[in-house]
Structure formats: structure tokens, C-alpha cells
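Structure record follows, encoded as C-alpha cells.
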Amino acid sequence: MILSGHEIQRQIELGAITAKPFDPQLINPNSIDLTLDDTVLRYRDTVIDPRTEPEVVEEKIPHEGLFLEPMSFCLGSSREIVGSTEFVPMVHAKSSTARAGLFVHVTADLIDIGSIGTITFQLFSTVGLRVYPGMRLGQMTFWRLKGEKTLYSGRYQGSRGPRKSEIFRDRSWET
């Protein structure tokens, strides 16, 4: 069951949902908006080898905005620290963002229960688009959990700013 906007706000006030800083203006009928912070990461190499740690270049988004080339990819993050130990968050693009040709998550929309930190946006622009710090880029919904709860304690816990892939730490294919 998805939480309504009123219930999201109530759960934030009760401390069951983290949203810092909290701006009640970001509450929607069944989600809370997430805004873009001022830093992006771009991978240096055009090919990522999952056996090696990828190199990234950090770039500040200027006040005048950052132009995303058509068919380009970079990592951004939410300004807000968000998550919950009681509900399962999911990240979605704002409708206006999607209609402008920008994916904010390529496939990773599910946030594990117990994960609390900034959200890394996987920004893939299908057309040329300018993005600005503070713009409403995504939104988060919260879902009730059924069954025994196990809280997330993985490598991205407590993220601050965009985080590059740590797929190189997954060595399960090696014998």
C-alpha cells in the first residue's frame, strides 16, 4: 500500500521517514519531491570493467545550469537526505522531468528499507537538456512492508552526494 502525501508528512513528523531538510512544499498527493544538488560525477572511461574501480570526474553545476548532451550519462544526487526504517521508498522521475527526456534512474528505483542518505540520480538525457541546482528532478513514494523486516546495511548506506558504482566489489563471478 502506498502512503498518501498527508501520511508521508505525518510519518516525517513522527520520525519514521527521514527527509532532511524537510520542506512541506515538496509534498505531493502520494510522494515527496527530491531536488538536484550541485555536483555530478562523470565516468572517465567509456567502458566500465566490473573488475576495476571506475574513475570519475566531479563537476560542480554552475548557477547558470549544466548542459547535458543528448544520449549522455552522469550521476547526480538529491539535496535531501531521505529514507525510512519503517517503509520501502521508491524513486521516480517527476512527470515534467520525464517529458523533457531525462531519466533520473536508469533501472534502480527501489531503495531498500533502512537505507538513509542522499539519492544518487542516474541521469540519462535523451535530448540536450540543461539542469540546475535545486530543481525538482524526482520524487519518492513510500510503501508499507509485509513480512519480516531486514534493514539495509550495504555499501551505499549513509551516502552523501553522488556515488559511483561499486560493482567492482562484487566478485561472485570469480572462482
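Here are the numbers:
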read-out: Approximate spin-label separation K60-D23, in nm, with each point projected 7 Å along Cα-to-Cβ; value: 2.0 nm
read-out: Hydrodynamic radius by Kirkwood, which averages 1/r over all alpha carbon pairs of the chain, in angstrom; value: 16.9 Å
read-out: Accessible-area composition of the stretch 131-175, carbon plus sulfur, in percent [1.4 Å probe]; value: 51 percent
read-out: Surface accessible to a 1.4 Å probe, per residue, for the residues of the stretch 100-175, Å²; value: 56 Å²
read-out: Within-13-Å neighbourhood charge of P62 [Cβ basis; K, R +1; D, E -1]; value: -1
read-out: Counted charge near R169, where neighbours are those whose Cβ lies closer than 9 Å (Asp, Glu -1; Lys, Arg +1); value: -1
read-out: Accessible carbon and sulfur surface of the stretch 1-101 relative to its total accessible area, %, 1.4 Å; value: 52 percent
read-out: Under 16 Å from K146, Cα to Cα: aspartates and glutamates that are on another chain or at least 8 residues apart; value: E86, D112
read-out: Estimated 222 nm signal from helices in the chain, with DSSP H stretches of n ≥ 4 weighted -39500 (n - 2.57), rounded to 500; value: -2000 deg cm²/dmol
read-out: Modelled label reach - L145, point 7 Å along Cα→Cβ, the stretch 12-26 residues with backbone N closer than 16 Å; value: 15-18
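The values are calculated or read from the model by the stated rules, or taken from the named source; none is laboratory data. Model, not experiment: these values are computed from the prediction. A quick note on method: Cβ atoms are made from the backbone with ideal geometry, for glycine too, and the neighbour counts reach across all protein chains shown. Accessible surface areas use protein heavy atoms only, side chains included; no ligands, DNA or RNA. Shrake-Rupley method; radii C 1.70, N 1.55, O 1.52, S 1.80 Å.
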